[in-house]
Amino acid sequence: MAQKSISSLMTKHGFFLEEATVEDMLVLLESLVTNIVSRNDAQIIKSRKIILTPFNSKTIPEISIGKYLRRLALGVDVGVDVLINVIAYFIRLKVSTLSIEANSHIDNFCTVDYPNGIDYTSQIYNCSSTYTEFHSVLSSRNPLYHGLFLNSYNIHRILLTAMTAAQKLSSDFFYKNSSYAKIGGISTEELNFLEMELLFLLQFNLFVGQEEQQRIGEEILRQYIVCQLEKPAKIPKLLQVDFSQSKNTRKTEISTF
């Protein structure tokens with residue numbers, strides 16, 4: 001099925017937070033994430049290695065990123081702000097994992113013949129209690145997340161977890177984790193665990209202001225337009241904006257997933 005396009009209104013007038021629709025945001029988010037995952041999958045194919053984290057599926061889910069996004073968004077009735085917050089969390093997640101130092105005693109790489117399933121041979125993944133104990137000590141500095149990037153093996157669980165956390169923060173009404181888990185296709189226990197993982201990795205920094213949401217919206221629209229042009233593929237990037245500074249001294253840092 002061909003990928004959907006943004007509305008003529010957004011194409012003509014650009015991104016405005018107050019006027020953006022969920023449908024347009026789903027198109028933008030699908031385009032951004034699909035391109036990033038495709039780029040990162042190419043690295044997995046080349047290296048035949050993948051980083052193991054609790055967000056990994058053993059096999060690549062059959063449902064596409066776009067269909068999964070719509071299933072989640074329509075299943076729990078998310079708003080535009082929730083979808084933008086998901087992108088903000090992706091940016092913060094990348095910044096957080098880039099700051100984690102590698103641990104020579106922890107081998108979080110596994111050989112994989114993409115697109116085949118992952119063979120979990122790491123001992124730390126053979127016992128969930130061992131991992132839980134390990135995590136409780138390390139919290140947000142967990143070296144298992146050193147070098148984490150979005151790919152076809154982890155994107156579905158990361159999307160589900162980020163959307164769960166984003167809606168809880170952004171909406172007065174949200175569902176129980178059992179509902180999110182059922183729509184997302186995993187157990188409630190697993191989602192509970194993954195949500196805590198994400199919260200620690202983000203250091204519980206979940207709030208996203210309207211100015212930052214507007215800036216992210218403008219940037220993903222720009223990336224969408226670039227990807228639609230008949231030019232060599234570009235690596236999707238997002239601007240991470242430091243809004244703590246004045247408008248005249250605002251600093252931006254490019255971050256990719």
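Placing a label point 7 Å from the Cα of HIS13 along the Cα-to-Cβ line, the residues of region 68-94 whose backbone N sits under 18 Å from it are 80-81.
Shape class for region 1-51: prolate, because the ratio a/c of the largest to smallest gyration tensor axis (alpha-carbon atoms, square roots of eigenvalues) is 1.5 or more and a/b beats b/c. Once the chain from THR111 to PHE207 is taken as fully extended at 0.36 nm per residue, the excess over their C-alpha distance is 30.9 nm. In order along region 157-174, the Karplus-derived 3J(HN,Hα) couplings, from 6.51 cos²θ - 1.76 cosθ + 1.60 at θ = phi - 60°, round to 5, 5, 4, 4, 5, 5, 5, 4, 5, 5, 6, 5, 7, 8, 10, 6, 10, 8 Hz, and Gly and Pro are given as x. Using only Cα atoms, locate the centre of region 167-204 and the centre of region 30-90, then give the distance between them in Å, rounded to an integer. Cα centroid to Cα centroid, the span is 16 Å. Note that region 23-29 has calculated 3J(HN,Hα) couplings of 4, 5, 5, 5, 5, 5, 5 Hz, one per residue in order, obtained from phi through the Karplus relation 6.51 cos²θ - 1.76 cosθ + 1.60 (θ = phi - 60°); glycine and proline are x. Applied to region 37-49, the Karplus parametrisation 6.51 cos²θ - 1.76 cosθ + 1.60 on θ = phi - 60° returns per-residue 3J(HN,Hα) values of 4, 4, 4, 6, 4, 4, 5, 5, 4, 5, 8, 6, 10 Hz, with x for Gly and Pro.
Under the shape rule built on the C-alpha gyration tensor, where the axes satisfy a ≥ b ≥ c, region 1-120 is prolate, since a/c reaches at least 1.5 and a/b is greater than b/c.
Between SER38 and GLU218, the modelled label-to-label distance comes to 2.7 nm, taking each label 7 Å out from Cα in the direction of the beta carbon. LEU229 to GLU189: FRET efficiency via 1/(1 + (r/R0)^6), r the Cβ-Cβ distance, R0 45 Å, to the nearest 0.05? Given R0 = 45 Å and the Cβ-Cβ separation, E is 0.50. Among 143-153, 173-183, sorting by the average number of other beta carbon atoms lying within 10 angstrom of each residue, highest first, gives 143-153, 173-183. Modelled spin labels at LYS176 and ALA102, positioned 7 Å past Cα toward Cβ, are 4.5 nm from each other. For PHE109, nonlocal amide neighbours, meaning residues 5 or more places apart or on other chains whose placed amide H falls under 5 Å from its own, are LEU52.
Read-outs: derived from the displayed coordinates by stated rules, not from any lab. From a predicted model like this one, the values you see are computed outputs, not experimental measurements. We place every Cβ from the backbone using ideal geometry, glycine too, and count neighbours over all the protein chains shown.
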